[in-house]
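Peer 1: Below you will find the structure I want to go over with you.
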């Protein structure tokens, strides 16, 4: 409708030119209608193999009369099926790789989110425990050769009394490696005068 | 075959091949090949285009422009122009305008004006359809159409276009 309105606006002289031009019939050239119909029909069947059809028809000259599309038209149905499947090969491969990338990225984020804390647990010091062998029993008055063992002994006595002293150290003073170190019971007796 | 049936394809062939060939000749020498390729592409479409005629004109136009760029126009344009002109229109004594003069006048138009005139006059496309093909507005297309007709009127008026006057006018 809008075209009709615009055509009405054409001046008469231009309408005359238009009418005169319409009287001319464009030449079809060397385009063979029947041949073109045949080749177009084959092209529609071979729609999955555009390369073979375009290669066959790209340089086709109707004047030369070459029918190169006939060789391309011998594709079997199996080939067509393979061609259809191959059309989706690249998109499928791309989708699979994208999925794999997303999965690995998510796993990486998940693992990094869980921070592993390594706790270093030091062995509990043995300050509160008295060594069984009492090899380091030291004298009351003399400064201990090793302060640590003295502190152990002191803590043990403070917590549990004199009785916390191992009897082995008392009863077998000879077994102590340091025979020169004074024994508490004898020291006690000497001090208390008993 | 896809949804484009053979009947419709045949109708499109009969109706539009001459105009499509004329349209393609405006850009390249291998107009027939371009038109053929366009029909092959149409036959390969899985779904028939909404407007097959406009689709064909767009494809032929694009193909002809590409083919024209590939051709070496400087060496072949002058030698092939004369050959092209002689086959643009069917020679008929009943026409009001000499076919060769009309072809020569069309040759001198700009490509924008020529394609609009060919598509509208011989292709039967509307200005809105042509606007979609050339990616312009319908008003611009109409302006080109008018300017093209004006130029043709001037060109055809300078020579002896009518067949009636051919006998009286000296031929080139």
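The values are calculated or read from the model by the stated rules, or taken from the named source; none is laboratory data. These numbers were taken from a predicted model, which means no experiment stands behind them. Neighbour counts are summed over all protein chains in view; Cβ atoms, including those assigned to glycine, are modelled from backbone coordinates with ideal geometry.
Peer 1: Is it true that some residue in segment A:21-28 is within 11 Å of chain B (Cβ to nearest Cβ), at pLDDT below 80 and either within 27 Å of residue B:9 (Cα to Cα) or touching a helix residue (DSSP H, G or I) at 6+ places or on another chain (Cβ under 8 Å) (or both)?
Peer 2: Keep residues of segment A:21-28 that are within 11 Å of chain B (Cβ to nearest Cβ), which gives A:21-28.
Adding the requirement that they be at pLDDT below 80 leaves A:28.
Cutting the leftovers down to either within 27 Å of residue B:9 (Cα to Cα) or touching a helix residue (DSSP H, G or I) at 6+ places or on another chain (Cβ under 8 Å) (or both) gives us A:28.
Yes, segment A:21-28 contains a residue that is within 11 Å of chain B (Cβ to nearest Cβ), at pLDDT below 80 and either within 27 Å of residue B:9 (Cα to Cα) or touching a helix residue (DSSP H, G or I) at 6+ places or on another chain (Cβ under 8 Å) (or both).
Peer 1: Could you tell me which of the residues A:99, A:130, A:46 is in contact with a helix residue (DSSP H, G or I) (Cβ under 8 Å, 6 or more places away or on another chain) and modelled with pLDDT of 55 or more?
Peer 2: Values: A:99 fails: in contact with a helix residue (DSSP H, G or I) (Cβ under 8 Å, 6 or more places away or on another chain); A:130 fails: modelled with pLDDT of 55 or more.
Answer to the check: A:46.
Peer 1: So in segment B:81-106, with the set limited to residues that are modelled with pLDDT of 80 or more, more than 15 Å from residue B:19 (Cα to Cα) and not in a loop (DSSP other than H, G, I, E, B), which one is farthest from the other protein chains (Cβ to nearest Cβ)?
Peer 2: B:104
Peer 1: Take segment B:117-143 and flag every residue that is closer than 21 Å to residue B:52 by Cβ, part of a helix (DSSP H, G or I) and within 12 Å of chain A (Cβ to nearest Cβ).
Peer 2: If the condition is that a residue be closer than 21 Å to residue B:52 by Cβ, part of a helix (DSSP H, G or I) and within 12 Å of chain A (Cβ to nearest Cβ), then B:118, B:119, B:120, B:121, B:122, B:127, B:128, B:129, B:130, B:131, B:138, B:141 are the ones that fit.
Peer 1: Counting only residues that are at the interface with another protein chain (Cβ under 9 Å from one of its Cβ atoms), closer than 19 Å to residue B:70 by Cα and assigned to a helix (DSSP H, G or I), which one in segment B:24-46 is nearest to the chain's Cα centre (by Cα)? Even if it seems obvious, please write down each step before you answer.
Peer 2: The initial filter retains those residues of segment B:24-46 that are at the interface with another protein chain (Cβ under 9 Å from one of its Cβ atoms), namely B:25, B:30-33, B:35-37, B:39-46.
Restricting the remaining residues to those that are closer than 19 Å to residue B:70 by Cα gives B:25, B:30-33, B:35-37.
From the residues that got through so far, the ones that are assigned to a helix (DSSP H, G or I) too are B:25, B:31-33, B:35-37.
On the way: B:25: 7, B:31: 10, B:32: 12, B:33: 14, B:35: 11, B:36: 15, B:37: 16 Å.
For segment B:24-46, the residue satisfying everything is B:25.
Peer 1: Which of the residues that make up segment A:29-46 are at the interface with chain B (Cβ under 7 Å from one of its Cβ atoms), assigned to a loop (DSSP other than H, G, I, E, B) and crowded, with 18+ Cβ neighbours inside 10 Å?
Peer 2: Scanning segment A:29-46 gives A:29, A:31.
Peer 1: Out of curiosity, is residue B:112 modelled with pLDDT of 90 or more, more than 10 Å from chain A (Cβ to nearest Cβ) and out of contact with any strand residue (DSSP E or B) (no Cβ under 8 Å at 6 or more places or on another chain)? Lay out the reasoning, then the answer.
Peer 2: On the way: modelled with pLDDT of 90 or more: yes; more than 10 Å from chain A (Cβ to nearest Cβ): yes; out of contact with any strand residue (DSSP E or B) (no Cβ under 8 Å at 6 or more places or on another chain): yes.
The answer is yes for residue B:112.
Peer 1: Given the conditions (1) more than 7 Å from chain B (Cβ to nearest Cβ); (2) modelled with pLDDT of 80 or more; (3) closer than 22 Å to residue B:140 by Cα, report the number of the one that residue A:18 does not fulfil.
Peer 2: (1)
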